[in-house]
Each structure stands twice: as structure tokens, then as C-alpha cells.
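Structure record follows, encoded as C-alpha cells.
The values are calculated or read from the model by the stated rules, or taken from the named source; none is laboratory data. This structure is a prediction, so every number in the text was calculated from the model and none was measured. All Cβ positions, glycine included, derive from the backbone under ideal geometry; neighbour counts span all protein chains shown.
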Protein chains: 2
Amino acid sequence: MTYCVGMVLDKGLVLMSDTRTNSGVDNISVFRKMYRWSVPGQRIITLMTAGNLATTQAVISKLEERSKAPGERQNSLLELPTMFQVAVEVGKLLRETVQQTQAENGGAAASSRFTASIILAGQIAGMEPRLFMIYPEGNFIEASFDTPFFQIGETKYGRPILIRGYDRNMSFEDAVKLLMVSFDSTLKANLSVGMPLDLMVIERDRFEPLHERRIESDDRYYVAISTSWSNALRNAFHSLPDYTFYQQAE
Amino acid sequence: MTYCVGMVLDKGLVLMSDTRTNSGVDNISVFRKMYRWSVPGQRIITLMTAGNLATTQAVISKLEERSKAPGERQNSLLELPTMFQVAVEVGKLLRETVQQTQAENGGAAASSRFTASIILAGQIAGMEPRLFMIYPEGNFIEASFDTPFFQIGETKYGRPILIRGYDRNMSFEDAVKLLMVSFDSTLKANLSVGMPLDLMVIERDRFEPLHERRIESDDRYYVAISTSWSNALRNAFHSLPDYTFYQQAE
């Protein structure tokens, strides 16, 4: 499994992904699931991937035209005029990759094995920062005012705190804190999501990461969040009104 | 979907279930998923069900021998000497019901459609209160000191708070509060889990419910928990140490 979250804030975009891949519980590895391309002053584009690793790596390789000699490669991500067109292109490559692998492996019966989903985030100069969720079928949706963040992978454990904690006006620092809590809840519940985490903060109109880091399992801040969140939750819980068995009769 | 939780405390057992069933999003109904049988001073046995409603209702009907004339019915739940034997019997009826419906509908291809899971809780005089989770295959596991609660149905959204908030020594009132928070997180995230909720509190050696209620969506306490939990979570979140982009360089 995987857990990735992308969110839009007034100030820009914040992305976090885990790095665990597994093929069975006895075959786990660390793979980067967050990718970035940028042209200073002009554009920054990032992808986060969930699903079949061979599929998602193939999509990235096709985007970068790795089948060509290095000197002949053209990365269409760096040339397409709008984020919408980037989403169309990534969706097309994803759909083709999934469909091709399925066709090579017995068609519909293998349908679920090779799928993947992608979160696309970025900004091109002169336009707004944008966030898309791209499905294995190649179509996609865009984040809106009503749904300002996307999750892929193991999304459920970490969702309640995102729903309650997200605020479009929040600072980047608070957004990182919120993501860490959401990831910590997920990591505590699902072995197939694992440290280290990748973090990227993209400020509006900056076209390069404001902040980009790998968070290891011994990261002091992550450890502090993980331990103090237990206490904070307990305090929150005890701050709620107490239940009494006789309330209805009062 | 469904959400049911059963937990063992030092003081006894606490159970909560939702009541929504759906066959498609445009066909939703309220059905009770919590069942109870008791013999004063001697035993109390409860079941909570998740999965195919026809399957779970068939299991309950078989337990109560509803195919016989009322005067001839014997409820084996009220006669079996141990909770373990009750779990064996419920598991057997569940497996037979699932397998029979599958066989009548094309075998393995229909395998996932008719399954169900059951949480069994109760106490028989002279023995400890016990809690079991029974699988569609008819086998089961029992709650232990390490895993003192079971969830069935849509379990993920409400799990992190249970993991952090549960304490074997907690009062019944705190356990009900914890369950309400867990259900509220689930209800906010998944439309297929719905109000009203059924609640039962079984005190050790009492053999009848200490407290048994249906919690409607306008229940004053539930509404208070639901609204104040948002604020409590936000306060908990802000009580955490702040992230700074420069911490690693310090």
C-alpha cells in the first residue's frame, strides 16, 4: 500500500508521501513515490504515485522519455502550456501503461493488479497552483474549494483529522503538522505504509520548492508529534462532556 | 456497510452498532444489527452483525428456530454451557448460511456477495465476560489482553481514536464517550454508516444490560460530542509543537 496527500492552501501546495512498497509482507522496500520537475521562474510540477510500482515507474520513465538517448529526450511536462494539459498527458500515459500490461497478462482477469493512481500538483507562471487526482482509467478530477485535498493509497485512517484540521488559510507549518498527524495515524494502523516520508512545500509563484525534505523515522519533530499526539488526543477526549446513563430521563 | 464495535473492560462489556443498511446509495434502510438474549441471573448473550443482511437475519432466525412453531422453539444460545460453545454454534450457522447461499447462486463467483461477520459478546454465570469475532468461514478469534476490542464493517476511520483512547480500566461512561467519538468520525466519512446507533452496556455478573439505548441523530449528548470533538481536536492539534522549516539546520 501507500499513503500520499496533496493539499491546496491559499499560500500554495503541500505534499507528503510515504516510501514503502511491498509485495507480500516479507518483501518490503523503500521507493520514492514523489517526483518533481521544475524550470526556475517558469514552472514546477510534482507527481505522487500509488498502486503497482512497475506501472508508476513506467509512467515516469515515459514522461522523461528514458527509452531515448539522453540527448534526444524531451520532457513534455516542461513544455505543455497548462497544468490541465499536463494532467491529460499524465492520464494518457497512465491509462496506456495499465491497459498494455493488462492486455499482456490475460486481460480483464488481471484488471486490478496493474492499476495505479496519481496526484499531480504544480504551477505554471501566470496561472494558479493546481492539484489533480488522476485515475487508472486516465481521467481525472481537480481539487476545488469544496474538496481542497486529495489522498491516494491507504486513505481512511488519516482522513478524519484532515477533514477536521484543514483550513485553506493555514500556514505551511501548520499544514505540515497536520500531515504528520494524519500520517502518524495511518502508520500506526497499517504496516504497508512506512517511513521515511517525503515532504514538499511549494509556495505560490516561486517555481521551486520552498521546502523539501525526507523525514526519517528518528526525525526529532516527527517523534515529538507522534508521542505528543497521543497525550493531546487523550486530553481532547477528556475535555468532552461526560456521558451519564441517566441523561435521557432528566 | 456497517460499523460495530465491541470492547471488553475490567467492568464488563460495551457494544455499539449503527443501523444503516444499503443496497446501492438510493436504497437505504434502518435495520437493527444488535441482538440480545438473556436469562436473569444466569447469562446474557449479544450479537452484532455486519455484511449481507439476508445472511445475518437468516443466522438469527436459525438461532431462534423461527422455522418451528413458537411453542416448539429452543434457543440453543440459552442452553449451551460456555461462551466458547456459543461461538462454535454461531460460527457453524454463519458458515452454513453463507455456503448454502453461495452454492445456490453459482458457487465461488458469488463468493463475496453473501458473506457476513459477527461480534459475539456475553457472560455465563460462573465464568468471565467474553468477546469473540466470528468470520464468514465459521471460525473465530477471542479478544485478549493485547487486543481488547473488535470492530466489524467500516473499521478504519474510527480505529485511530480507539487505539489511542482505549484503557481497560476506563469507566463505562468513558467507554461510551470513546465509542461515540469513533462512530462520529466514521459517520462523517462514510455515507453507508448511519444513525441511529444502538448502545449496550453489560456489567460483569449482572446478566442483564446495565444500560441499553437507541441514540437518535438529534440525541443531545451525541450532538454535543460531535460538535465539541471538532473543537477539541483543533485544540489538541494546536497544542502540538510547531513545525519550523529550519529545525534540521539548528
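Tabulated results
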{"item": "Failed condition for B:Lys156, given (1) within 11 Å of chain A (Cβ to nearest Cβ); (2) under 16 Å from the mean Cα position of the chain (by Cα); (3) closer than 16 Å to B:Leu15 by Cα", "result": "(3)"}
{"item": "Odd one out for B:Leu178 among (1) within 18 Å of B:Ile202 (Cα to Cα); (2) more than 9 Å from chain A (Cβ to nearest Cβ); (3) of a type in the set (A, V, I, L, M)", "result": "(2)"}
{"item": "Test: A:Leu197 is more than 10 Å from chain B (Cβ to nearest Cβ), buried (at least 21 other Cβ atoms within 10 Å of the Cβ), touching a helix residue (DSSP H, G or I) at 6+ places or on another chain (Cβ under 9 Å) and closer than 24 Å to B:Ser239 by Cα", "result": "yes"}
{"item": "Count of residues meeting criterion [touching a Leu at 6+ places or on another chain (Cβ under 9 Å) and acidic (Asp, Glu)] in the range A:117-173", "result": "3"}
{"item": "Enumeration of residues in the range B:120-153 that are of a type outside the set (A, V, I, L, M), more than 14 Å from chain A (Cβ to nearest Cβ) and in a loop (DSSP other than H, G, I, E, B)", "result": "B:Gly126, B:Glu128, B:Pro129, B:Tyr135, B:Pro136, B:Glu137, B:Gly138, B:Asn139, B:Ser144, B:Phe145, B:Asp146, B:Pro148"}
{"item": "Residue check, B:Ile119 in contact with a Cys (Cβ under 7 Å, 6 or more places away or on another chain), surrounded by 13 or more Cβ atoms within 10 Å (Cβ to Cβ) and either touching a residue at least 40 places away in the same chain (Cβ under 8 Å) or of a type in the set (D, E, K, R) (or both)", "result": "yes"}
{"item": "Unmet criterion (only one of (1) at pLDDT 95 or above; (2) within 30 Å of A:Leu187 (Cβ to Cβ)) for B:Ile124", "result": "(2)"}
{"item": "Criterion violated by B:Arg213 - all others in (1) farther than 23 Å from A:Asp184 by Cα; (2) surrounded by fewer than 21 Cβ atoms within 10 Å (Cβ to Cβ); (3) more than 10 Å from chain A (Cβ to nearest Cβ) satisfied", "result": "(3)"}
{"item": "Selection from the range B:200-210 of residues that are touching a helix residue (DSSP H, G or I) at 6+ places or on another chain (Cβ under 8 Å) and either more than 8 Å from chain A (Cβ to nearest Cβ) or not in a loop (DSSP other than H, G, I, E, B) (or both)", "result": "B:Val201, B:Glu203"}
{"item": "Residues being more than 7 Å from chain A (Cβ to nearest Cβ) and under 30 Å from B:Arg36 (Cα atoms) - total across the range B:221-250", "result": "3"}
{"item": "Residue list for the range A:162-175, filter: of a type outside the set (Lys, Arg), in contact (Cβ under 8 Å) with a residue 12 or more places away in the chain and either more than 7 Å from chain B (Cβ to nearest Cβ) or part of a strand (DSSP E or B) (or both)", "result": "A:Leu162, A:Tyr166, A:Asn169, A:Met170, A:Ser171, A:Phe172, A:Ala175"}
{"item": "Unique match (being of a type outside the set (A, V, I, L, M, F, W, C) and part of a helix (DSSP H, G or I)) among A:Ser217, A:Ser185", "result": "A:Ser185"}
{"item": "Strands (runs of 3 or more DSSP E) contained entirely in the range A:1-115, each with at least 3 residues that are loosely packed, with under 13 Cβ neighbours inside 10 Å and modelled with pLDDT of 90 or more", "result": "none"}
